[in-house]
Amino acid sequence: MTSPTQGQPRHFLDLDNFSPEELKKILKLAHELKARLKNGERPQLLKDKVLAMIFERESTRTRVSFDVGMRQLGGETLMLTGAEMQLSREETLADTARVMSRYVDAIMIRILSHDDLLELAGASSVPVINGLTRVSHPCQIMADIMTYEEHRGSIEGKTVVWVGDSNNVLASWVHAAKLFGAKLKISVPVEYAPDQGLRADIEAAGDAVEMVADPLVAAKDADLVITDTWVSMGDTDAKERRKILSPYRVDANLMSKAKPDALFMHCLPAHRGDEVTDEVIDGPSAVVFDEAENRLHAQKAILCWAFGIEEI
């Protein structure tokens with residue numbers, strides 16, 4: 001556990017910065033906040049707090065869920081893009097962090113460079129939340145695990161199968177598998193295999209993570225099957241990626257290898273017909289929209305944790 005020392009901001013940067021107990025406490029709070037909201041209750045836990053949201057690129061789920069979540073907790077948000085800030089005129093992230101810390105109570109940033117995230121957090125005197133980098137996407141995995149718990153209970157001891165290419169969502173699942181006691185099987189083509197940093201995390205995860213070449217073999221007896229879009233923002237090789245990744249499409253045949261009650265997740269947006277067929281994403285095993293909704297509840301709990309609120 002790497003809880004902040006007294007007086008230090010509580011940053012939420014990567015899952016492997018936390019102990020399992022700390023992450024489970026945040027998820028417990030997320031479930032409670034969701035239940036309270038469904039009951040018509042909106043506890044004003046962050047009344048008068050202001051969250052700055054910095055986006056390097058476009059966003060739907062991250063932007064809306066953080067914005068609405070902060071408002072439901074009684075706070076306010078301020079949205080900024082890199083182009084609107086002095087960052088576009090080469091002000092350093094560290095200087096930006098020092099200035100922003102004088103104005104707002106917390107910062108959520110969605111930025112490609114993980115090093116830039118770390119630079120921002122290192123200079124900030126208010127909590128910084130990782131809304132996505134090229135390296136990791138911890139908020140998404142907190143929502144994923146919350147969703148699994150809602151539908152099937154604890155993910156401990158379950159088999160999670162990742163099919164597709166190697167990316168930031170997978171990287172955070174590698175961290176999660178070890179922390180939550182799940183078994184993660186990864187099936188990706190050699191062309192899109194994990195990079196050096198992720199390979200090191202996989203090795204550090206030990207028996208919790210296994211590479212399996214054949215996606216149909218990997219899916220055998222899975223409790224949860226996950227994929228992600230094959231062509232992300234900024235990718236310029238869409239045609240080649242589709243050709244290489246076509247054997248890794250999640251279709252009815254692949255899902256038939258998993259357990260009968262296996263769930264299917266996708267962090268969205270989905271490219272139907274590429275990484276997943278309509279039959280699967282619209283089928284009974286898919287929980288993708290619950291997963292999207294739970295970004296709201298999981299992130300509200302993360303925001304509360306960042307402000308030192310661990311239970312209500």
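The values are calculated or read from the model by the stated rules, or taken from the named source; none is laboratory data. Just so we're clear, the structure is a prediction, and the values are computed from it rather than from any experiment. Here the Cβ positions follow ideal geometry from the backbone for every residue, glycine too, while neighbour counts run over all protein chains shown. Calculation scope for accessible area: heavy atoms of the full protein, side chains included, ligands and nucleic acids excluded. Shrake-Rupley method; radii C 1.70, N 1.55, O 1.52, S 1.80 Å.
Structure above, values below:
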item	result
Positions within the range 272-299 being charged (D, E, K, R), open to solvent by less than 10 Å² (accessible area, probe 1.4 Å) and in a helix (DSSP H, G or I), in sequence order	GLU291, ARG295
Subset of the range 182-197 [among the small types (Gly, Ala, Ser) and open to solvent by 40 Å² or more (accessible area, probe 1.4 Å)]	ALA193, GLY197
Qualifying strands (runs of 3 or more DSSP E) (wholly inside the range 166-236; at least 3 residues being in contact (Cβ under 8 Å) with a residue 40 or more places away in the chain)	224-227
Some residue of the range 255-271 being closer than 30 Å to PHE18 by Cα, acidic (Asp, Glu) and either in contact (Cβ under 8 Å) with a residue 24 or more places away in the chain or buried (at least 24 other Cβ atoms within 10 Å of the Cβ) (or both)	no
Exclusive hit being touching an Asp or Glu at 6+ places or on another chain (Cβ under 6 Å) and farther than 11 Å from HIS11 by Cβ, set THR92, THR81, THR96, THR77	THR77
Single match in ALA222, ALA208, ALA200 (criterion: at pLDDT 95 or above, open to solvent by 10 Å² or more (accessible area, probe 1.4 Å) and touching a helix residue (DSSP H, G or I) at 6+ places or on another chain (Cβ under 8 Å))	ALA208
Selection count where residues are assigned to a loop (DSSP other than H, G, I, E, B) and under 19 Å from LEU27 (Cα atoms), scope the range 155-165	4
Check on GLY308, modelled with pLDDT under 95 and at positive phi	no
Tally, over the range 121-154, of residues that are assigned to a helix (DSSP H, G or I), over 18 Å from the mean Cα position of the chain (by Cα) and within 24 Å of LYS34 (Cα to Cα)	2
Condition broken by PHE289, with the remaining ones in (1) touching a residue at least 60 places away in the same chain (Cβ under 8 Å); (2) among the aromatic types (Phe, Trp, Tyr); (3) out of contact with any helix residue (DSSP H, G or I) (no Cβ under 7 Å at 6 or more places or on another chain) satisfied	(1)
